Every structure is written in structure tokens, then in C-alpha cells.
1. Determine which member of the set Arg252, Arg245 is touching a residue at least 12 places away in the same chain (Cβ under 8 Å) and of a type in the set (Lys, Arg).
2. Output the residues belonging to segment 78-114 that are under 17 Å from Leu167 (Cβ atoms), surrounded by fewer than 21 Cβ atoms within 10 Å (Cβ to Cβ) and not small (Gly, Ala, Ser).
3. What about Ile73, is it crowded, with 17+ Cβ neighbours inside 10 Å and over 20 Å from Ala216 (Cα atoms)?
4. Among the residues of segment 1-10 satisfying the criterion of being assigned to a loop (DSSP other than H, G, I, E, B) and within 20 Å of Leu100 (Cβ to Cβ), which is most open to solvent (accessible area, probe 1.4 Å)?
5. Quickly run through segment 263-295 and pick out the residues that are touching a Lys or Arg at 6+ places or on another chain (Cβ under 7 Å) and within 22 Å of Met251 (Cα to Cα).
6. Hey, any hits in segment 90-101 for a residue that's at pLDDT 95 or above, aliphatic (A, V, I, L, M) and in contact with a helix residue (DSSP H, G or I) (Cβ under 7 Å, 6 or more places away or on another chain)?
7. Quickly run through segment 150-170 and pick out the residues that are over 16 Å from Gly97 (Cα atoms) and either outside any loop (DSSP other than H, G, I, E, B) or modelled with pLDDT of 95 or more (or both).
8. For a quick check of your reading of the model, give me the residue pairs whose first member lies in segment 286-304 and is closer than 13 Å to Val273 by Cα, whose second is open to solvent by 40 Å² or more (accessible area, probe 1.4 Å), with beta-carbon atoms closer than 6 Å and at least 6 apart or on different chains.
Amino acid sequence: MKTGILLANQFIMLNLDLVMDTLRIANRVTGEQRFSWQIFSADNHPVVSCNGFVVQPDSSWLNSGRLDFILVIAGFEPEQSLRRPMLGWLAEQHRRGAMLGCVDTGAFALAAAGVLDDNPVAIHWEFEQIFREQYPQLQVHSDGIMCSDGFYSASGGLSVADMMLKLLGKYLDQSRLNEVRGILYSHGSKPVSLAENESASDPLSRIERAESHMHATLTQPLSLEELAGMINMHPRTFARHFRQRYGMTPMRYYRFMRLNHARELLLQTHWPVGRVAELCGFAEVSNFSGCFSGVYGLSPQQFRQLYGG
């Protein structure tokens, strides 16, 4: 089975991981490379997930040839997947017999391409009402998965694994499918309780969780109060423990993290400086340029010209 995974900016990284890992596990179970995949982007340029991870497309969807399955994975900006040439390509692949699928807000792309027909579709709950308003003739649900012959959809999160298992049911016998399911869900294991893993009152573990929240919210930075609230700490207590752990205040560390991500985007993409600033949580380009220059000694434009190649 040849799969094309079409990503739009601000997609959820977990969704992509679950798709690729399920296919990888299926290859491991069968002992052969029966399932292959290519990653595409809507505009054939590098695409950025909502947690700031940059994904390089394997090739252009224009040169994909015939695919057995095409999965659209979108996220918080579904309009990023609504590019007319790409929608035409989806429709053509559908006419040629490719199975289609979508995750999260990818349903908008398939609806715009006119390939949903009478198939019910799953979508992220935050966008269900908007989708209903735009496509009142289509059936939409926000819970779990919706699968029919030749069409697969998941609302996101762990439901993506369920959708992929449903798809693999077309290619694997029940014994092998159960083996894939067992590896994917680690049957026989049990969640580690908080008492076994860490103390709820351990400041260090909570500070590290806050640092993880920072990584996941580079585009829309949280305030000191929001970060502290997520780990159930008073802001002043949070700031004190954070400084002890990382050697600087939370907000300064957060800014360095966002500027480092901006540095990577300037090197890896040709996006305008304003777009880079937006993806790194800076509302004003002038503020972004000033902060960037203060850390790297060059403006974003100068840095790209000097090191961008």
C-alpha cells in the first residue's frame, strides 16, 4: 500500500506520529515493506507543526504518481490546506481510485475538493460547527472515527490509531492485525501511577512539565500565570523553582526558546520574516527583530543572508 500524507501548517505532530508508527509496526509484523509512505505539504514547502517542529516534504504531490491512500492532516489553520491546485490533485486521485482520509480539520480540504460524496466524516470538535455551516449537506461527527468503503477519517488524538487499524484491516489477516494492535496499544501494560512515578508535590518534576508546555506553545506563548496554573503552582513559587532548575526566569527562557525556533525557520525556510515572527509568538515584526538582534547580534534578514545559504 502506497500512502501519501499531506500536511498543512499547524498540524498536530501526534497525529502524524500515530499514522507513521502504525504503518511501521505493520511492516515489522509482516516482515516486509508492504506499507510505504511519502510526506507532502500543501504548498510543497517545509511545513511547521503546532509545536514548532519543521517537516521537510519527501517530494511534491505533483510527482507522486498513483497512490493507494491519501491522508490529509491539518490542524489549527485548516485554510492552509485549501489550495486550488492541490484540491484538484485530490479530486483526480479520487477519480483514479485512491482511498482518501483526513485527520482533525483535514475534512475541510476533502470537502472543498468535492470528494466526500455521501461519506460521513470525523472532525475535531472545535471546528464541527464551522464545518456544518460551510457544508450543511455533509454528515459530520466529532467523536472518534468515521470509516466507510474507501474513506477513513479521525477527529484527532488517539482515534488516529483506531482509524489506521481499520484501514490495515483491508490488508492484514485478523491474527496479524491483532498483533499490530497489541504492539500499538502495549497490551498487558498498565499506567504508572503518580505515586510510582513522581510525587505530586515534587517541584522539579512539575517545572519540567511546564518546560514541556513551553515547547508545545511556541506560536501562542502562555503567560507566567498560565504556566504556573497548569502545574498548580503560585507564579512566584514557579518562577523561583524554574530559575533554580534552568538558571533564568521562565519568561526569559521562553523567549530564548522561541528565538531559537525562529533561527531554525530562517535557516530552513524561505518564509517572510513576518511569517516567522508569527509562528514564534511575536505579534509585531519590529519587536521580533529587536529581540532577535539582541540575542544573535544580527537582524533576522541579516542572519538569513549570512547563514541561510
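The values are calculated or read from the model by the stated rules, or taken from the named source; none is laboratory data. What you are looking at is a predicted structure, and each value in this text was computed from that prediction instead of being measured. Neighbour counts are summed over all protein chains in view; Cβ atoms, including those assigned to glycine, are modelled from backbone coordinates with ideal geometry. Each accessible area value is taken on the protein alone, full model and side chains, heavy atoms only, with ligands, DNA and RNA left out. Shrake-Rupley method; radii C 1.70, N 1.55, O 1.52, S 1.80 Å.
1. Numbers: Arg252 fails: touching a residue at least 12 places away in the same chain (Cβ under 8 Å).
Sole residue among the options that is touching a residue at least 12 places away in the same chain (Cβ under 8 Å) and of a type in the set (Lys, Arg): Arg245.
2. His94, Met99
3. Numbers: crowded, with 17+ Cβ neighbours inside 10 Å: yes; over 20 Å from Ala216 (Cα atoms): no.
Judged against the criteria, Ile73 is not a match.
4. Restricting attention to segment 1-10, the residues satisfying the condition of being assigned to a loop (DSSP other than H, G, I, E, B) are 1, 8-10.
So of that shortlist, the ones also within 20 Å of Leu100 (Cβ to Cβ) come out as 1, 8.
Numbers: Met1: 27, Ala8: 1 Å².
The qualifying residue most open to solvent (accessible area, probe 1.4 Å) is Met1.
5. Let us first name the residues in segment 263-295 that are touching a Lys or Arg at 6+ places or on another chain (Cβ under 7 Å), namely 266, 280-281, 291.
Selection gives Cys280, Gly281, Cys291.
6. yes
7. Step one: of segment 150-170, the residues over 16 Å from Gly97 (Cα atoms) are 153-166, 168-169.
Matches in segment 150-170: Ser153, Ala154, Ser159, Val160, Ala161, Asp162, Met163, Met164, Leu165, Lys166, Leu168.
8. Short answer, once both residue conditions are applied: Ser299/Ser293; Phe303/Tyr296.
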